[in-house]
1. Rounded to the nearest angstrom and ordered from largest down, what semi-axes does the equivalent ellipsoid of the range 110-188 get from its C-alpha gyration tensor (root of 5λ)?
2. Tally up the carbon and sulfur contribution to the accessible surface of the chain as a whole percent, 1.4 Å probe, everything protein left in place.
3. How tilted is helix 202-215 with respect to the longest principal axis of the chain? Cα atoms for both, answer in degrees (0 to 90, nearest 10).
4. Whole number please: convex hull volume per residue of the Cα set in the range 5-198, in Å³?
5. For n ≥ 4 DSSP H runs only, could you compute -39500 (n - 2.57) per run for the chain, divide by its residues and tell me the 222 nm figure to the nearest 500?
6. Can you return the aspartates and glutamates within cross-link range of LYS22? Criterion is Cα-Cα under 20 Å, with same-chain partners fewer than 8 residues away left out.
7. For the chain, report the accessible area per residue in Å² (1.4 Å probe, heavy atoms, rounded to an integer).
8. For the range 103-258, just the Cα atoms, rotate onto the principal axes and tell me the three extents in Å, largest first.
Amino acid sequence: MYQYLKTEERGTVAILTISAPKSLNALNSAILKEMDDYISHFDCNKFRCLIITGDGEKSFVAGADISEMANLSMLEGQAFGSRGAAVFRKIETMHVPVIAAVNGFALGGGCELAMACDIRICSDNARFGQPEVGLGIIPGFSGTVRLARLVGMGIAKQLIYTGKAIKADEAMRIGLVNAVVPQAELMDKAMELANQIAANAPLAVKAAKLCINDEYDMDADAAIQNESVIFGRCFLTEDQKQGMKAFLEKGKYEFQGK
Ligand code: CO8
(Lines give C-alpha, C1' and ligand atoms only; values in the text may rest on other atoms or scores of the structure.)
Protein backbone atom coordinates (compact mmCIF):
# COMPACT_ATOMS: atom_id res chain seq x y z
CA MET A 1 0.00 0.00 0.00
CA TYR A 2 1.22 3.44 -0.91
CA GLN A 3 0.47 6.72 0.85
CA TYR A 4 0.65 8.92 -2.25
CA LEU A 5 -0.07 6.55 -5.13
CA LYS A 6 -3.28 4.91 -6.24
CA THR A 7 -2.84 1.87 -8.44
CA GLU A 8 -5.34 0.14 -10.65
CA GLU A 9 -5.35 -2.76 -13.10
CA ARG A 10 -7.68 -2.87 -16.10
CA GLY A 11 -6.88 -6.06 -17.96
CA THR A 12 -3.35 -5.73 -19.32
CA VAL A 13 -3.28 -1.97 -18.66
CA ALA A 14 -2.05 -0.54 -15.35
CA ILE A 15 -2.94 2.94 -14.09
CA LEU A 16 -0.79 4.86 -11.64
CA THR A 17 -2.37 7.96 -10.06
CA ILE A 18 -0.22 10.41 -8.12
CA SER A 19 -2.26 11.63 -5.20
CA ALA A 20 -1.22 14.50 -2.97
CA PRO A 21 -4.20 16.81 -3.52
CA LYS A 22 -3.28 19.37 -0.87
CA SER A 23 -0.20 20.37 -2.86
CA LEU A 24 -1.69 19.74 -6.32
CA ASN A 25 0.27 16.45 -6.50
CA ALA A 26 3.65 18.19 -6.16
CA LEU A 27 6.45 15.65 -5.99
CA ASN A 28 8.23 15.32 -2.65
CA SER A 29 10.87 12.75 -1.71
CA ALA A 30 8.29 10.35 -0.30
CA ILE A 31 6.31 10.35 -3.55
CA LEU A 32 9.44 9.86 -5.62
CA LYS A 33 10.40 6.93 -3.38
CA GLU A 34 6.98 5.34 -3.82
CA MET A 35 7.12 5.88 -7.59
CA ASP A 36 10.54 4.28 -7.69
CA ASP A 37 9.21 1.29 -5.79
CA TYR A 38 6.18 0.95 -8.05
CA ILE A 39 8.22 1.17 -11.27
CA SER A 40 10.92 -1.17 -9.95
CA HIS A 41 8.34 -3.86 -9.17
CA PHE A 42 6.23 -3.32 -12.29
CA ASP A 43 5.48 -6.59 -14.06
CA CYS A 44 6.14 -5.94 -17.75
CA ASN A 45 5.01 -9.49 -18.60
CA LYS A 46 1.61 -9.06 -16.99
CA PHE A 47 0.94 -5.51 -18.21
CA ARG A 48 1.33 -4.20 -21.74
CA CYS A 49 0.91 -0.50 -21.06
CA LEU A 50 1.06 1.92 -18.12
CA ILE A 51 -0.96 5.13 -17.78
CA ILE A 52 0.28 7.79 -15.35
CA THR A 53 -2.11 10.51 -14.22
CA GLY A 54 -2.73 12.87 -11.31
CA ASP A 55 -5.53 12.84 -8.76
CA GLY A 56 -8.38 15.32 -9.20
CA GLU A 57 -9.42 17.58 -12.04
CA LYS A 58 -7.03 20.43 -11.44
CA SER A 59 -3.50 19.14 -11.52
CA PHE A 60 -1.40 16.37 -13.01
CA VAL A 61 1.70 17.34 -11.03
CA ALA A 62 2.38 20.98 -10.07
CA GLY A 63 6.13 20.42 -9.94
CA ALA A 64 8.62 19.29 -7.40
CA ASP A 65 7.62 20.21 -3.86
CA ILE A 66 8.86 23.77 -3.34
CA SER A 67 8.50 23.57 0.45
CA GLU A 68 10.90 20.62 0.49
CA MET A 69 13.39 22.36 -1.80
CA ALA A 70 13.38 25.80 -0.17
CA ASN A 71 16.26 25.20 2.26
CA LEU A 72 18.37 22.65 0.42
CA SER A 73 22.14 22.98 0.28
CA MET A 74 23.95 22.56 -3.06
CA LEU A 75 24.63 18.88 -2.42
CA GLU A 76 21.12 18.23 -1.17
CA GLY A 77 19.77 19.97 -4.29
CA GLN A 78 21.92 17.75 -6.49
CA ALA A 79 20.75 14.67 -4.62
CA PHE A 80 17.08 15.65 -4.93
CA GLY A 81 17.46 16.38 -8.64
CA SER A 82 19.29 13.09 -9.24
CA ARG A 83 16.64 11.14 -7.34
CA GLY A 84 13.82 12.52 -9.47
CA ALA A 85 15.81 12.21 -12.70
CA ALA A 86 16.59 8.56 -11.94
CA VAL A 87 12.92 7.71 -11.37
CA PHE A 88 11.94 9.46 -14.60
CA ARG A 89 14.67 7.64 -16.52
CA LYS A 90 13.31 4.35 -15.19
CA ILE A 91 9.91 5.33 -16.55
CA GLU A 92 11.40 6.30 -19.91
CA THR A 93 13.20 2.96 -20.23
CA MET A 94 10.39 0.69 -18.97
CA HIS A 95 9.76 -2.25 -21.26
CA VAL A 96 6.16 -1.22 -21.86
CA PRO A 97 4.88 2.06 -23.31
CA VAL A 98 3.88 4.69 -20.77
CA ILE A 99 1.09 7.18 -21.47
CA ALA A 100 0.85 10.40 -19.49
CA ALA A 101 -2.80 11.37 -19.07
CA VAL A 102 -2.26 15.01 -18.12
CA ASN A 103 -5.36 16.18 -16.26
CA GLY A 104 -4.39 19.75 -15.38
CA PHE A 105 -1.18 21.53 -14.31
CA ALA A 106 1.99 19.89 -15.59
CA LEU A 107 4.52 22.39 -14.32
CA GLY A 108 8.22 21.99 -13.59
CA GLY A 109 8.72 18.40 -12.44
CA GLY A 110 5.19 17.65 -13.68
CA CYS A 111 6.04 18.63 -17.23
CA GLU A 112 9.29 16.69 -16.86
CA LEU A 113 7.40 13.60 -15.68
CA ALA A 114 5.05 13.84 -18.67
CA MET A 115 8.04 14.15 -20.99
CA ALA A 116 9.59 10.97 -19.58
CA CYS A 117 6.50 9.10 -20.79
CA ASP A 118 6.25 7.78 -24.35
CA ILE A 119 3.00 9.52 -25.25
CA ARG A 120 1.21 12.52 -23.72
CA ILE A 121 -2.48 13.23 -23.99
CA CYS A 122 -4.09 15.99 -21.98
CA SER A 123 -7.39 17.48 -20.91
CA ASP A 124 -8.43 20.85 -22.31
CA ASN A 125 -7.69 22.57 -18.97
CA ALA A 126 -4.06 21.35 -18.91
CA ARG A 127 -1.20 23.83 -18.53
CA PHE A 128 2.40 22.99 -19.31
CA GLY A 129 5.47 24.92 -18.28
CA GLN A 130 8.94 24.97 -16.82
CA PRO A 131 8.69 27.85 -14.31
CA GLU A 132 11.92 27.01 -12.47
CA VAL A 133 13.96 30.09 -13.37
CA GLY A 134 11.28 32.13 -11.59
CA LEU A 135 12.28 30.26 -8.44
CA GLY A 136 16.03 30.66 -8.90
CA ILE A 137 16.63 27.13 -10.18
CA ILE A 138 16.59 25.32 -13.51
CA PRO A 139 14.58 22.27 -14.54
CA GLY A 140 16.27 19.53 -12.51
CA PHE A 141 14.40 16.38 -13.43
CA SER A 142 15.86 16.29 -16.97
CA GLY A 143 13.70 19.04 -18.46
CA THR A 144 16.65 20.72 -20.16
CA VAL A 145 17.39 17.37 -21.79
CA ARG A 146 13.96 16.22 -22.93
CA LEU A 147 12.11 19.44 -23.79
CA ALA A 148 14.47 20.42 -26.59
CA ARG A 149 14.36 16.89 -27.96
CA LEU A 150 10.58 16.94 -28.04
CA VAL A 151 9.79 20.42 -29.32
CA GLY A 152 13.12 21.70 -30.70
CA MET A 153 15.78 23.94 -29.23
CA GLY A 154 14.18 27.33 -29.96
CA ILE A 155 10.79 26.63 -28.40
CA ALA A 156 12.39 24.79 -25.47
CA LYS A 157 14.66 27.74 -24.73
CA GLN A 158 11.75 30.17 -24.89
CA LEU A 159 9.64 28.05 -22.50
CA ILE A 160 12.50 27.55 -20.04
CA TYR A 161 13.92 31.11 -20.14
CA THR A 162 10.52 32.81 -19.76
CA GLY A 163 9.04 30.25 -17.37
CA LYS A 164 5.65 30.98 -18.93
CA ALA A 165 3.04 28.23 -18.92
CA ILE A 166 1.22 27.33 -22.11
CA LYS A 167 -2.31 26.05 -22.64
CA ALA A 168 -3.26 22.64 -24.01
CA ASP A 169 -3.85 23.83 -27.58
CA GLU A 170 -0.44 25.50 -27.69
CA ALA A 171 1.16 22.31 -26.28
CA MET A 172 -0.54 20.45 -29.10
CA ARG A 173 0.67 22.95 -31.71
CA ILE A 174 4.32 22.60 -30.68
CA GLY A 175 4.15 18.81 -30.47
CA LEU A 176 4.46 18.52 -26.70
CA VAL A 177 1.23 16.50 -26.54
CA ASN A 178 -0.29 14.00 -28.94
CA ALA A 179 -3.94 14.88 -28.28
CA VAL A 180 -6.19 17.24 -26.32
CA VAL A 181 -9.57 15.98 -25.11
CA PRO A 182 -12.32 17.25 -22.81
CA GLN A 183 -11.49 16.57 -19.15
CA ALA A 184 -14.36 14.08 -18.76
CA GLU A 185 -13.04 11.98 -21.64
CA LEU A 186 -9.36 11.94 -20.68
CA MET A 187 -9.13 8.52 -19.02
CA ASP A 188 -11.37 6.89 -21.63
CA LYS A 189 -9.13 8.25 -24.35
CA ALA A 190 -6.01 7.10 -22.49
CA MET A 191 -7.52 3.63 -22.06
CA GLU A 192 -8.48 3.49 -25.73
CA LEU A 193 -4.92 4.28 -26.72
CA ALA A 194 -3.49 1.84 -24.17
CA ASN A 195 -5.78 -0.95 -25.37
CA GLN A 196 -4.76 -0.32 -28.98
CA ILE A 197 -1.15 -0.76 -27.92
CA ALA A 198 -1.94 -3.75 -25.71
CA ALA A 199 -3.63 -5.58 -28.58
CA ASN A 200 -0.35 -5.69 -30.51
CA ALA A 201 2.52 -8.13 -30.07
CA PRO A 202 4.07 -7.07 -26.74
CA LEU A 203 7.60 -8.17 -27.59
CA ALA A 204 7.42 -6.23 -30.84
CA VAL A 205 6.11 -3.12 -29.06
CA LYS A 206 8.90 -3.45 -26.50
CA ALA A 207 11.48 -3.86 -29.29
CA ALA A 208 10.12 -0.80 -31.08
CA LYS A 209 10.35 1.27 -27.89
CA LEU A 210 13.94 0.19 -27.26
CA CYS A 211 14.87 0.95 -30.87
CA ILE A 212 13.33 4.43 -30.86
CA ASN A 213 14.89 5.33 -27.49
CA ASP A 214 18.35 3.90 -28.23
CA GLU A 215 18.62 5.05 -31.83
CA TYR A 216 17.88 8.68 -30.98
CA ASP A 217 21.47 9.25 -29.89
CA MET A 218 23.16 7.09 -32.53
CA ASP A 219 24.47 8.21 -35.89
CA ALA A 220 22.29 7.14 -38.82
CA ASP A 221 24.43 4.15 -39.86
CA ALA A 222 24.60 2.73 -36.34
CA ALA A 223 20.89 3.35 -35.83
CA ILE A 224 19.91 1.60 -39.06
CA GLN A 225 22.18 -1.34 -38.19
CA ASN A 226 20.66 -1.52 -34.71
CA GLU A 227 17.14 -1.61 -36.15
CA SER A 228 18.07 -4.42 -38.55
CA VAL A 229 19.39 -6.56 -35.69
CA ILE A 230 16.32 -6.01 -33.52
CA PHE A 231 14.04 -6.54 -36.54
CA GLY A 232 15.71 -9.91 -37.13
CA ARG A 233 15.16 -10.94 -33.53
CA CYS A 234 11.40 -10.52 -33.96
CA PHE A 235 11.49 -13.64 -36.15
CA LEU A 236 12.46 -15.67 -33.09
CA THR A 237 9.06 -15.04 -31.55
CA GLU A 238 5.92 -17.15 -31.65
CA ASP A 239 3.86 -13.98 -32.00
CA GLN A 240 5.54 -13.17 -35.33
CA LYS A 241 4.92 -16.67 -36.65
CA GLN A 242 1.31 -16.88 -35.49
CA GLY A 243 0.52 -13.25 -36.27
CA MET A 244 1.65 -13.55 -39.90
CA LYS A 245 0.03 -16.96 -40.30
CA ALA A 246 -3.27 -15.57 -39.04
CA PHE A 247 -3.02 -12.63 -41.46
CA LEU A 248 -2.41 -14.91 -44.42
CA GLU A 249 -5.28 -17.18 -43.40
CA LYS A 250 -7.51 -14.12 -42.84
CA GLY A 251 -7.91 -15.11 -39.19
CA LYS A 252 -7.14 -13.36 -35.92
CA TYR A 253 -4.44 -14.18 -33.40
CA GLU A 254 -4.34 -13.05 -29.78
CA PHE A 255 -0.71 -12.19 -29.15
CA GLN A 256 0.83 -14.10 -26.26
CA GLY A 257 4.05 -12.17 -25.70
CA LYS A 258 6.13 -15.19 -26.66
N1 CO8 B 1 5.24 22.60 -4.35
C2 CO8 B 1 4.65 22.68 -3.15
N3 CO8 B 1 3.38 23.07 -2.98
C4 CO8 B 1 2.67 23.40 -4.08
C5 CO8 B 1 3.23 23.35 -5.36
C6 CO8 B 1 4.59 22.92 -5.49
N7 CO8 B 1 5.19 22.80 -6.67
N8 CO8 B 1 2.30 23.75 -6.25
C9 CO8 B 1 1.20 24.05 -5.54
N10 CO8 B 1 1.43 23.83 -4.23
C11 CO8 B 1 0.48 24.03 -3.11
C12 CO8 B 1 0.29 25.50 -2.78
O13 CO8 B 1 1.33 25.99 -1.98
C14 CO8 B 1 -1.04 25.48 -2.08
O15 CO8 B 1 -0.84 25.03 -0.77
P16 CO8 B 1 -1.65 25.77 0.46
O17 CO8 B 1 -3.11 25.47 0.16
O18 CO8 B 1 -1.14 25.07 1.68
O19 CO8 B 1 -1.35 27.20 0.36
C20 CO8 B 1 -1.79 24.38 -2.81
O21 CO8 B 1 -0.80 23.59 -3.49
C22 CO8 B 1 -2.75 24.91 -3.84
O23 CO8 B 1 -2.03 25.79 -4.69
P24 CO8 B 1 -2.50 27.30 -5.01
O25 CO8 B 1 -3.31 27.85 -3.89
O26 CO8 B 1 -1.29 28.07 -5.43
O27 CO8 B 1 -3.46 27.02 -6.26
P28 CO8 B 1 -3.74 28.00 -7.47
O29 CO8 B 1 -4.85 27.40 -8.24
O30 CO8 B 1 -3.90 29.40 -7.00
O31 CO8 B 1 -2.40 27.94 -8.37
C32 CO8 B 1 -0.54 26.87 -9.47
C33 CO8 B 1 -2.00 26.74 -8.96
C34 CO8 B 1 -0.48 27.88 -10.63
C35 CO8 B 1 -0.12 25.50 -9.96
C36 CO8 B 1 0.35 27.35 -8.32
O37 CO8 B 1 0.12 26.53 -7.18
C38 CO8 B 1 1.81 27.30 -8.63
O39 CO8 B 1 2.31 28.19 -9.31
N40 CO8 B 1 2.51 26.26 -8.12
C41 CO8 B 1 3.94 26.14 -8.31
C42 CO8 B 1 4.25 25.67 -9.70
C43 CO8 B 1 5.75 25.59 -9.90
O44 CO8 B 1 6.45 26.56 -9.81
N45 CO8 B 1 6.22 24.37 -10.16
C46 CO8 B 1 7.63 24.13 -10.37
C47 CO8 B 1 8.29 23.79 -9.10
S48 CO8 B 1 10.04 23.66 -9.30
C49 CO8 B 1 10.25 22.15 -10.02
O50 CO8 B 1 9.34 21.44 -10.32
C51 CO8 B 1 11.66 21.77 -10.26
C52 CO8 B 1 11.82 20.33 -10.69
C53 CO8 B 1 13.23 19.92 -10.60
C54 CO8 B 1 13.68 19.85 -9.18
C55 CO8 B 1 15.14 19.71 -9.07
C56 CO8 B 1 15.54 19.53 -7.62
C57 CO8 B 1 16.76 20.22 -7.26
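1. On the way: eigenvalues 91, 31, 27 Å².
They are 21, 12, 12 Å, listed from largest to smallest.
2. Details: 7580 of 13540 Å².
So the carbon and sulfur contribution to the accessible surface is 56 percent.
3. Rounded to the nearest ten degrees, it is 50.
4. Details: hull volume 19.8 nm³, N = 194.
Per residue, the Cα convex hull of the range 5-198 comes to 102 Å³.
5. -14000 deg cm²/dmol
6. Candidates past the 8-residue exclusion: GLU34, ASP55, GLU57, ASP65, GLU68.
7. Values: 13540 Å² over 258 residues.
Heavy-atom SASA per residue in the chain reads 52 Å².
8. 59, 42, 22
The values are calculated or read from the model by the stated rules, or taken from the named source; none is laboratory data. Bear in mind that the values here come from a model prediction, so they are computed numbers and not experimental data. These area figures cover heavy atoms from the full protein model, side chains too; ligands, DNA and RNA do not enter into them. Shrake-Rupley method; radii C 1.70, N 1.55, O 1.52, S 1.80 Å.
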